[in-house]
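Just so you know, all these numbers are worked out from the coordinates, no wet-lab data involved. Predicted, not measured: the structure shown is a model, and the values here were computed from it. Please note: Cβ atoms are built from the backbone with ideal geometry, for glycine as well, and neighbour counts cover all protein chains shown.
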Ligand SMILES: NC(=O)c1ccc[n+]([C@@H]2O[C@H](COP(=O)([O-])OP(=O)(O)OC[C@H]3O[C@@H](n4cnc5c(N)ncnc54)[C@H](OP(=O)(O)O)[C@@H]3O)[C@@H](O)[C@H]2O)c1
């Protein structure tokens with residue numbers, strides 16, 4: 001057991017983007033932060049960004065079934081407790097539903113859903129004993145509306161939302177709070193990595209080939225939020241004494257969610273068909 005009095009947080013996917021910003025912000029705010037990465041390059045990049053902030057860096061690939069248990073045991077061995085879990089790590093497998101083989105779908109869910117849930121299952125027994133704990137699951141606008149060519153990713157975020165809603169009610173009596181953070185587009189490596197991860201858009205012959213060609217050229221979304229802004233939203237979810245079930249990052253995400261809730265399905269489908277036929281996805 002550690003004599004360190006700081007609350008203990010674990011942030012996954014901290015090599016870049018939202019996870020890195022969140023790990024740094026939590027450390028600056030007084031948390032003892034365990035941050036996970038997958039590679040030497042990810043660790044070096046996080047260490048360089050952290051400068052003299054004392055982050056404790058662990059390895060975790062969520063596609064590895066044994067990973068979540070190993071990481072939580074290591075945090076508990078070093079710190080003796082865990083107060084905050086930020087399930088941030090994730091990626092998008094792009095491609096039309098008809099183009100995505102089962103292995104690709106499985107990988108998408110292994111990382112974005114099963115890995116995150118396994119971490120929840122691993123921390124909850126300790127949080128129950130502590131009678132306190134905070135779990136923040138990083139979802140997306142893609143967990144509210146499913147868009148063409150991102151069906152696998154959207155399905156994974158819808159699933160994360162559904163599990164989080166069930167979990168929130170299950171663990172609240174034990175003093176554990178669960179919140180979702182739902183960013184719209186964020187300026188990170190996410191889109192470039194999505195294209196690299198999605199071999200269907202790189203190589204397979206498909207009815208969507210012209211759209212895939214355009215997606216390959218796509219840069220950052222013009223209206224993307226900064227990862228620091230998302231990190232500040234995650235910090236609100238972590239520190240609020242009465243956390244909301246869901247946090248949106250900006251007004252535009254709240255408006256988009258409201259719009260999707262009220263627009264007739266036929267009209268939304270019409271927009272989506274235009275979107276799939278003529279333009280690459282704008283929303284992550
Ligand atoms: N960027 C957006 O537009 C956007 C919008 C809404 C929601 N989100 C969500 O925000 C979260 C963070 O994304 P980001 O935008 O910060 O993208 P990012 O910069 O690409 O960061 C993703 C992080 O997840 C890690 N990761 C990917 N696959 C993993 C695996 N199998 N096991 C463990 N870690 C893995 C990456 O590690 P490596 O460096 O090793 O790849 C990286 O640290 C994701 O859950 C994403 O769905 C992003």
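Values as computed for the structure displayed
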{"quantity": "Among the candidates 121, 177, residue that is away from the ligand (no atom under 15 Å from the Cβ), under 24 Å from residue 21 (Cα atoms) and in contact with a helix residue (DSSP H, G or I) (Cβ under 9 Å, 6 or more places away or on another chain)", "calculated": "177"}
{"quantity": "Positions within region 9-37 being crowded, with 24+ Cβ neighbours inside 10 Å and farther than 18 Å from residue 52 by Cβ, in sequence order", "calculated": "9, 10, 11, 12, 13, 18, 19, 22, 36, 37"}
{"quantity": "Single match in 171, 145, 129, 178 (criterion: assigned to a loop (DSSP other than H, G, I, E, B) and either within 21 Å of residue 80 (Cα to Cα) or over 11 Å from the mean Cα position of the chain (by Cα) (or both))", "calculated": "145"}
{"quantity": "Top-ranked residue of region 65-88 - restricted to ones that are touching a strand residue (DSSP E or B) at 6+ places or on another chain (Cβ under 6 Å) and in a loop (DSSP other than H, G, I, E, B), ranked as surrounded by the fewest Cβ atoms within 10 Å (Cβ to Cβ)", "calculated": "81"}
{"quantity": "Lone unmet requirement of (1) more than 13 Å from the ligand (Cβ to nearest atom); (2) in contact (Cβ under 8 Å) with a residue 12 or more places away in the chain; (3) within 28 Å of residue 14 (Cβ to Cβ); (4) in contact with a strand residue (DSSP E or B) (Cβ under 6 Å, 6 or more places away or on another chain) for residue 254", "calculated": "(2)"}
{"quantity": "Residue within region 46-60 that is within 11 Å of the ligand (Cβ to nearest atom), more than 14 Å from the chain's Cα centre (by Cα), in contact (Cβ under 8 Å) with a residue 40 or more places away in the chain and in a loop (DSSP other than H, G, I, E, B) present", "calculated": "yes"}
{"quantity": "The listed residue being touching a residue at least 12 places away in the same chain (Cβ under 8 Å), assigned to a helix (DSSP H, G or I), away from the ligand (no atom under 14 Å from the Cβ) and surrounded by fewer than 20 Cβ atoms within 10 Å (Cβ to Cβ), out of 195, 236, 216", "calculated": "216"}
{"quantity": "Residues of region 204-213 classified as closer than 17 Å to residue 273 by Cα and outside any helix (DSSP H, G or I), total", "calculated": "3"}
